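So the structure is just underneath, and the comments pick up after that.
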Amino acid sequence: MAKPTLISLYSGCGGSALGFQNAGFEITYMNDNNADACYSLQENFEKKSDNPEREIVHRGNIKDVFDFGNADVIEGGFPCQGFSLAGPRKVDDKRNVLYNYLKRTVMYANPKFFVAENVKGFVTIGEKGKKKYFEDGKIAKLGDVAAAIKSELESTGAGYNVHCEILDAKDYGLSQDRQRIFIVGVRNDLDFKFEFPKPTHGPGNYVSMEEYGIRGIPSLETEVFRDKKEDREDYFSARYISRNRIKKWNEVSYTIPAQASQVPADPDSRHMWKIDKKDWWFELCLKMVKDDEWPEFRKNNSDKINPELRRLSWRQCAAIQGFPKDYKFEGDVRSIYRQIGNAVPPLLMQRVAECIMPYFEGKESSFPMRKEKITA
């Protein structure tokens, strides 16, 4: 049986595409507008393919691309900065309309399935009230903007049945607390019932960073971002120190972000602040600082920031995301952190892709790919 084919849009460094490839799909087209990301794609997909002379990576602005060829599946995690909870969430942010190019490609290529991943904030973009959009970690209701985008995707091309769900990386064996929305479209004429993958891990058996091997990863000093600012060898902003950034090795990691300066701290740092047992009053002060007071508090207490505080290296971040050890990233340190933080964990996308693959095996529905018990 020939492998089902994949078009990858907004490919970044290739996390989503790698997940599909590992699930048995053949990649026929990849696109990104960032030069470093495209170099990373070439290293990991073109040069490692059975036919390294075949050009599948295409750099360019997606709005100027009209010839993608045809494929069974299109995956395209349209850029999510406009939806992110970590920044200003503006309904009219120009980045929020980039899903239109996914729609256009779906219309031209007429795939059997399409898949998109986005930040959790996509669900509530534009909403200001206290309506309940999530319940028990699942989507209870889409906000008006998200619902409108879903409706547009449903009516694209031949028409699609669109499924939306929040998946958390740690529920599938990755050592990272990373909640993202996955949007899967199934063409209306297909006799196939799509279901999202069932979690394989739970509160009793989440995989810690220690178990995942993060602690033993050797990292060069050049692989660690240090913010040389204000005559400091490593500057930590008020935003960074206003919240706990350190997990223990026996815990799962915080979400790996795209901003190098905001990457979680290495657990070996142990503390954000240099606190003596006599400084009980300082610990009390930390608990009382309000959000808008952190810049001034940080300025007045910069000498108390732990001098051994250190961010995780990009190599550790890549491992937490689930990239293989031999995966190559091109660009400077900031660029590599950005590529890694923006990526979909390959294993998580692989689990979604494995729920699509049964169609190409002649089955009528998805089925759980792994049946390990979840221990309470």
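The values are calculated or read from the model by the stated rules, or taken from the named source; none is laboratory data. Remember, it's a predicted structure, so these values are computed and weren't measured experimentally. When we count neighbours, we look across all protein chains shown, and the Cβ atoms used for this are built from the backbone with ideal geometry, even at glycine. Protein only, heavy atoms only, side chains kept; ligands, DNA and RNA dropped before computing areas. Shrake-Rupley method; radii C 1.70, N 1.55, O 1.52, S 1.80 Å.
Key figures for this structure:
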read-out: Compactness of region 134-223, expressed as Rg and Dmax over alpha-carbon positions, Å; value: 18.0, 54
read-out: Highest-fluctuation residue, 119, 289, 184 considered, GNM on the chain with Cα pairs under 10 Å; value: 289
read-out: The chain - Kirkwood radius from inverse mean 1/r over Cα pairs (Å); value: 22.0
read-out: Taking the C-alpha atoms of region 221-293, convex hull volume expressed per residue in Å³; value: 141
read-out: Against the rule of thumb 2.2 N^0.38 Å, how large the Cα Rg of region 126-171 comes out; value: 1.35
read-out: Radius 12 Å from Cβ of residue 365, net charge of other residues (Lys, Arg +1; Asp, Glu -1); value: -2
read-out: Globularity ratio of region 240-280, using Cα Rg and 2.2 N^0.38 Å; value: 1.30
read-out: Loop-exposed GluC sites (Glu not before Pro) per DSSP, neighbour cap 13 Cβ within 10 angstrom, longest uninterrupted part of the chain; value: 56-229
read-out: Across 131/198; 3/325; 63/363, pairs whose alpha-carbon gap is larger than 31 Å; value: 63/363
read-out: Å² of accessible area per residue within the chain, as computed with a 1.4 Å probe and no ligands counted; value: 49
read-out: Cα centroid separation, region 1-49 to region 174-204 (Å); value: 20
read-out: Accessible carbon and sulfur surface of the chain relative to its total accessible area, %, 1.4 Å; value: 47
read-out: Helix-derived mean residue ellipticity, 222 nm - over the chain, DSSP H n ≥ 4, -39500 (n - 2.57), to 500; value: -6500 deg cm²/dmol
read-out: Anchor residue 290: lysines whose Cα lies under 16 Å away (excluding residues fewer than 8 positions away in-chain); value: 299
read-out: Alpha-carbon Rg with Dmax, taken over region 231-345, Å; value: 15.6, 48
read-out: Estimated translational D of region 172-219 in µm²/s (Stokes, Kirkwood radius over Cα pairs; 20 °C; 1.002 mPa s); value: 153
